[in-house]
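Inspection log for the structure reproduced underneath, given as structure tokens.
The values are calculated or read from the model by the stated rules, or taken from the named source; none is laboratory data. Just so you know, these numbers come straight off a predicted model, no measurement behind them. Because the Cβ atoms are built from the backbone with ideal geometry, glycine has one as well, and the counts that use them run over all protein chains shown. When the accessible area is computed, the model is the full protein with side chains, heavy atoms only, and any ligands, DNA or RNA have been set aside. Shrake-Rupley method; radii C 1.70, N 1.55, O 1.52, S 1.80 Å.
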Amino acid sequence: MENSGVIITSLRWDNIYLKAKLGGNRETAEFAVADKKCAKVYPINYFDPETGELTLNVTNIGGGRMLSNGVWYLKYRMDGGEWQTLPITMDVGYCLGGMDKVYRYAGTCYACVFTFVPVREGQELVFEMTFTYMVRNDNIKKRQFRVEAPRFKKRFIKKLIYFLENVIDVIYQIVSHLTPKDGTRVLLMSESRCPINGNLKALDDRIRQRELDKTRLKMSYWFVKTLEDDNDLKILWTWLRLAFVTAKQDYIFVDDYSTFFNNVRLNPKTTLVQVWHAGVGFKAVGYARFGKKGTPNPWRCCYRQLDYAIVGGEFLRDVYAEVFGIDRERCLPYGLMRLDNYLDAKRVAVFRRDFYEKNPDWQGRKIILFAPTFRGPGQRTSYYPYEMLDWDEIYDFCGDEYLFVIKQHPFIPKPMSIDPKYAGRIIDFTSYPDINELFYVTDILITDYSSNIYEFSLHGKPMLFYAFDKEEYELMRGLHRTLDRHAPGKVCRTTGELLEAIRTGDFEMERLHRFVAENFDSTDGLASDKVIDNIILKDQR
């Protein structure tokens, strides 16, 4: 990592002192601990030029005060300029997991907790230091708001939200226990995807094909992107309506993290099934990345209420048992429902015909589909650093032979801006709803840590992995498996390496064949029927 200013080369604790060893042009810099926007800035006046260490006394940031609850950064500035966050080396980033600190006081009733996570700020790797006053809580079911907020307004809002969440749970319990559970009511829902697609759509289609919706089942649907909203009161209103819907159900199928189930105690007669929206990728999710920024609550989490999770095959049961924090036996290797008839030759031919009728200029050109996953800790903060690609080089490479088609991750809200000079060769196709259908016309997939490799691998077509931030991503996000060992294709670090691999046909296809053999027990097209017969209709026989 290049840095012409100051950089933290090591970090350590010495009792109440946090010591950061600095490299770079440190002698003329001023230092402080501050919040993200520098609304609160507390100067750090002790820097030892002999050792090169900056020292923060966490019990006294000035005036005999401690830090308040919140996220804090070590900052520096030169010659009275703008405050900047001190960057860190990759070695420091890997050490942050062992830096967390707990200071107990008043016996065992209270504690001050420091936690550290690496984050990206612009082009730099930095760290966030979260400082929290914690209260001992012997009954977690009664008191979930565990943080002592420093201001009355914040405490009031937290208590109000907690109260309203409990109201929603009470409403759910009343409606649920007044509604007989006869095994006929089925709800398909998502709080992150709209409209219905993927595994849920495949399940719904099969239920209708078998006419079970007319004879044995009462179907309901709920598709609202709750997770995109940052207005807590609006979310609570949405959940209030959802409480009436979910309370009447015998079976509920979800395709992603569903925050609503963090706040209600599901009726034991209702079966909650996670069908997940993706196959296995490389990035860690759920409890597989516990302790990192944006990980699920250890107690109040929808995953804790799952009865079953549908996974792609036997090989993946242990992976998703870790992800969802449930027993291995609850991970049912029925296969992915959206892959039922996915490779049907007639289906593929019809799609290709219709696609090229709508996009006649694409006929006869090879399609390179660029579909990376997002960066950032979660849905509300997701992004992708497109500046890490050399667009001029890509445009020149495409010529009249290739199209470079971009499909952004659905979590990224901001549309990509493509310079008009790249028109005709570089195309944003994010608005197309189903990436799995695009695979029918894709010749080469370029991705990174995404789970889209799962479906694409079945086509037997080449993949490349653009991992310019391989070490950093592994540090900050966490991986189930490393790219170097398990990626079903060649791993590249630069745009030049990607294009050279395409030019020479160096795709390392043997890695793809090994991946398919490991991850697919079968593609018999019966996954939806297995879910219907072994879960929904099981008690109706």
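Structure values in brief
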read-out	value
Accessible surface, the chain, averaged per residue in Å² (probe 1.4 Å)	47
Environment charge of Lys37, counting only residues whose C-beta is closer than 15 Å and scoring Lys/Arg +1, Asp/Glu -1	0
Of Lys470/Lys490; Lys37/Lys101; Lys75/Lys470, pairs whose Cα-Cα distance is over 18 Å	Lys37/Lys101; Lys75/Lys470
Neighbourhood net charge (10 Å Cβ-Cβ; Lys/Arg +1, Asp/Glu -1) for Pro413	+1
Helix-only [θ]222 nm of the chain, DSSP H runs n ≥ 4, -39500 (n - 2.57) each, per residue, nearest 500	-7500 deg cm²/dmol
Share of carbon and sulfur in the accessible heavy-atom surface of the chain [1.4 Å probe, %]	51
Inverse mean reciprocal Cα-Cα distance (Kirkwood Rh) of the chain, Å	26.1
Where labels lie 7 Å past Cα in the beta-carbon direction, separation of Asp213 and Lys292 in nm	3.8
Cross-link pairs beyond the 30 Å C-alpha cut-off, checked among Lys36/Lys292; Lys292/Lys421; Lys346/Lys407; Lys214/Lys248; Lys218/Lys292	Lys292/Lys421; Lys218/Lys292
Cα-based reach from Lys461 at 14 Å (exclusive), listing aspartates and glutamates while leaving out same-chain residues under 8 positions away	Asp443, Asp506, Glu508, Glu510
Hits among lysines - C-alpha to C-alpha of Lys159 under 19 Å, sequence gap 8 or more where chains match	Lys141, Lys142, Lys234
Listed residue (Tyr105, Gly70, Thr85) projecting farthest to the positive dipole end of region 62-114, Cβ model	Tyr105
Sites Ala423 and Asp91 - FRET efficiency at Förster radius 60 Å, r taken between beta-carbons, to 0.05	0.85
Distant-in-sequence amide H partners of Leu125 (H built 1.01 Å from N, under 5 Å)	Ile88
Antiparallel bridge percentage (DSSP; both residues within the chain; nearest 5)	60
